[in-house]
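For reference, the structure is listed below as structure tokens.
The values are calculated or read from the model by the stated rules, or taken from the named source; none is laboratory data. Computed from a prediction, not measured in an experiment: that's the story for all the values here. Please note: Cβ atoms are built from the backbone with ideal geometry, for glycine as well, and neighbour counts cover all protein chains shown.
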Amino acid sequence: MATEALEPVDVESALAADLAASGITVTAPPVPEELGERLPLASALRIGGTRINPYVDSHSVTFSVWAGTWASAVATADRLAGAVARLPQTEGSSVHWREASITLLPHIAPDPAHPTVPRAQFTATVTCRTTR
């Protein structure tokens, strides 16, 4: 395979696509300015990571979940965290998720950009090939 044909994995978009089966809408950045009728809504934001070897990357990702109430935001984040943890066992994913672990459990995290909309967050590490 020619190196020019390799495409880096957009981990945020891959997560959004592969988590659609969870029934929770997950977006890649940017977060919409108006959340309104889209709730509950989640966003995946890569905050760093590590190159394990030339073929595999480990990504640190923060997931934000907005909902109508604080309880709903945390409950939805819990469900989404479960879906993230199951990614390596999920058939038909857009990339081969080798590992997925929740590194910070869902918790209340007020959003200064949307102060009236409850938000919960959690952090995960997901590992996949560096290219498609």
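Exactly one residue out of Ala20, Ala85, Ala5 is at negative phi and modelled with pLDDT of 95 or more, and it is Ala85. Test Val9 against the criterion of being touching a helix residue (DSSP H, G or I) at 6+ places or on another chain (Cβ under 7 Å) and either within 22 Å of Val117 (Cα to Cα) or surrounded by 11 or more Cβ atoms within 10 Å (Cβ to Cβ) (or both), and give yes or no. When the stated conditions are applied, Val9 does not pass them. Across region 23-44, the qualifying residues are those that are surrounded by 16 or more Cβ atoms within 10 Å (Cβ to Cβ) and under 14 Å from Asp111 (Cα atoms), and the one among them that is farthest from the chain's Cα centre (by Cα) is Leu35. Contact annotation: residue pairs with Cβ atoms under 7 Å, 6 or more positions apart or on different chains, pairing a residue in region 6-35 that is free of Cβ contacts under 8 Å to residues at least 12 places away in the same chain with a partner that is assigned to a helix (DSSP H, G or I), are Pro32/Arg38. The criterion of at least 3 residues that are closer than 18 Å to Cys128 by Cα is met, among strands (runs of 3 or more DSSP E) falling completely within region 1-90, by 41-53, 56-66. Ala67 fulfils the conditions (1) in contact with a helix residue (DSSP H, G or I) (Cβ under 6 Å, 6 or more places away or on another chain); (2) within 17 Å of Ala16 (Cβ to Cβ); (3) surrounded by 17 or more Cβ atoms within 10 Å (Cβ to Cβ) except for a single criterion, (2).
Applying the condition of being surrounded by fewer than 18 Cβ atoms within 10 Å (Cβ to Cβ) and touching a residue at least 12 places away in the same chain (Cβ under 8 Å) to region 50-64 and asking which residue is farthest from the chain's Cα centre (by Cα) yields Pro54.
Sort through Val65, Val26 and tell me the only one that's aliphatic (A, V, I, L, M), touching a strand residue (DSSP E or B) at 6+ places or on another chain (Cβ under 8 Å) and closer than 21 Å to Glu91 by Cα.
On the way: Val65 fails: closer than 21 Å to Glu91 by Cα.
From the options Val65, Val26, the qualifying one is Val26.
Scanning region 57-71 for residues that are more than 14 Å from Ala109 (Cβ to Cβ) and in contact with a Lys or Arg (Cβ under 6 Å, 6 or more places away or on another chain) yields Asp57, His59, Val61. With respect to Thr76, is the statement that it is β-branched (Val, Ile, Thr), touching a Ser or Thr at 6+ places or on another chain (Cβ under 7 Å) and at pLDDT 95 or above true? Criteria not met by Thr76.
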